[in-house]
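Asker: I have a structure I would like to understand better, so I am pasting it below and will then ask my questions one at a time.
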Amino acid sequence: MTTPPPPEPRVPRFSPAVRRVHRATAALMLSCLVTAAFLYYPPLSQLVGRRRLVVLVHEWSGLLLPVPLLLGLVSRALRADLTRLNRFTAVDRAWLRAVRQRSYRRPAGKFNAGQKLYAAFTAGAVLVMLGTGLLMWFTHLAPLIWRTGATFVHDWLAVAVAVAVTGHVWLAVKDPEARRGMRTGSVDRAWATREHPDW
């Protein structure tokens with residue numbers, strides 16, 4: 001009788017707090033995007049019988065979007081990951097050069113430069129969407145010209161966020177080990193060595 005091979009060594013990647021913040025933020029972001037589609041895309045708008053309810057879900061999902069991250073700041077692991085995401089290093093510049101040259105040898109720490117740029121864009125977009133959304137929600141806060149500008153920025157930034165989130169999900173679908181890392185907290189050592197050699 002042969003003994004089964006030993007399991008592949010796993011590397012801890014994300015703490016439970018980081019995974020919870022990611023899931024809650026993803027749920028709120030998805031809620032914002034889906035309700036926005038039903039509010040602004042005419043073929044979908046016709047399917048909604050209770051438009052005011054969709055508006056309420058959209059408004060409160062947007063208002064609550066920063067909350068998981070703010071609550072998660074009590075976690076040392078989350079703060080450490082945010083520090084890594086917030087630092088652009090020589091390794092990140094080398095990763096971007098490798099992408100431009102279509103090289104498969106891309107140096108990366110725990111997060112690659114693409115993940116850092118996505119995180120920075122998303123964080124900035126959430127703040128701008130929150131500000132413009134509040135101007136649209138509380139119409140007495142600003143003159144009409146400001147509200148018109150806020151609506152323009154909010155709508156077009158929503159399209160950009162939808163494109164970015166779609167790209168994020170598409171890349172995650174293509175990489176089952178990255179998804180497993182976010183689901184279970186650990187990744188295969190060979191994957192970590194290949195995808196994040198400087199981690």
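Asker: Can you tell me how many residues within the stretch 125-166 are in contact (Cβ under 8 Å) with a residue 24 or more places away in the chain and of a type in the set (Gly, Ala, Ser)?
Answerer: Selection size over the stretch 125-166: 6.
Asker: Can I ask one more? Examine the stretch 35-58 for a residue that is in contact (Cβ under 8 Å) with a residue 60 or more places away in the chain, among the hydroxyl-bearing types (Ser, Thr, Tyr) and closer than 29 Å to Val159 by Cβ, and state whether such a residue exists.
Answerer: Yes, the stretch 35-58 contains at least one residue that is in contact (Cβ under 8 Å) with a residue 60 or more places away in the chain, among the hydroxyl-bearing types (Ser, Thr, Tyr) and closer than 29 Å to Val159 by Cβ.
Asker: Which residue out of Leu53, Leu39 is open to solvent by 40 Å² or more (accessible area, probe 1.4 Å) and part of a helix (DSSP H, G or I)?
Answerer: Leu53
Asker: Can we say Asn112 is of a type in the set (S, T, N, Q) and touching an Asp or Glu at 6+ places or on another chain (Cβ under 8 Å)?
Answerer: In short, yes.
Asker: Sticking with this one: In contact (Cβ under 8 Å) with a residue 24 or more places away in the chain, open to solvent by 30 Å² or more (accessible area, probe 1.4 Å) and in contact with a Pro (Cβ under 7 Å, 6 or more places away or on another chain): does that describe Arg183?
Answerer: Here the answer is no, as Arg183 does not meet what is asked.
Asker: Which of the residues belonging to the stretch 142-185 are closer than 23 Å to Gly124 by Cβ and of a type in the set (Lys, Arg)?
Answerer: Across the stretch 142-185, the qualifying residue is only Arg147.
Asker: Next question, about the same structure. Restricting attention to the stretch 107-119, does a residue exist that is open to solvent by less than 40 Å² (accessible area, probe 1.4 Å), assigned to a helix (DSSP H, G or I) and among the basic types (Lys, Arg)?
Answerer: yes
Asker: Could you check the stretch 164-199 and list, in sequence order, the residues that are aliphatic (A, V, I, L, M) and assigned to a strand (DSSP E or B)?
Answerer: Listed by number, the list holds a single entry, Val187.
Asker: Could you tell me whether Gly131 is under 17 Å from Leu28 (Cα atoms), loosely packed, with under 15 Cβ neighbours inside 10 Å and either among the polar types (S, T, N, Q) or more than 18 Å from the chain's Cα centre (by Cα) (or both)?
Answerer: So Gly131 passes the test.
Asker: Let me ask another. If you scan the stretch 59-103, which residues turn out to be outside any helix (DSSP H, G or I), over 17 Å from the mean Cα position of the chain (by Cα) and surrounded by 14 or more Cβ atoms within 10 Å (Cβ to Cβ)?
Answerer: Once the filter is applied, which keeps residues that are outside any helix (DSSP H, G or I), over 17 Å from the mean Cα position of the chain (by Cα) and surrounded by 14 or more Cβ atoms within 10 Å (Cβ to Cβ), the stretch 59-103 yields Ser75, Thr89.
Asker: Follow-up. If you go through the stretch 136-149 one residue at a time, do you hit one that is small (Gly, Ala, Ser) and in a helix (DSSP H, G or I)?
Answerer: For the stretch 136-149, residues small (Gly, Ala, Ser) and in a helix (DSSP H, G or I): present.
The values are calculated or read from the model by the stated rules, or taken from the named source; none is laboratory data. For clarity, every value in this text was computed on a predicted model and none was experimentally measured. Positions of Cβ are generated from backbone atoms using ideal geometry, with glycine treated the same way; all protein chains shown enter the neighbour counts. Surface accessibility is based on the protein's heavy atoms, side chains included, excluding ligands, DNA and RNA. Shrake-Rupley method; radii C 1.70, N 1.55, O 1.52, S 1.80 Å.
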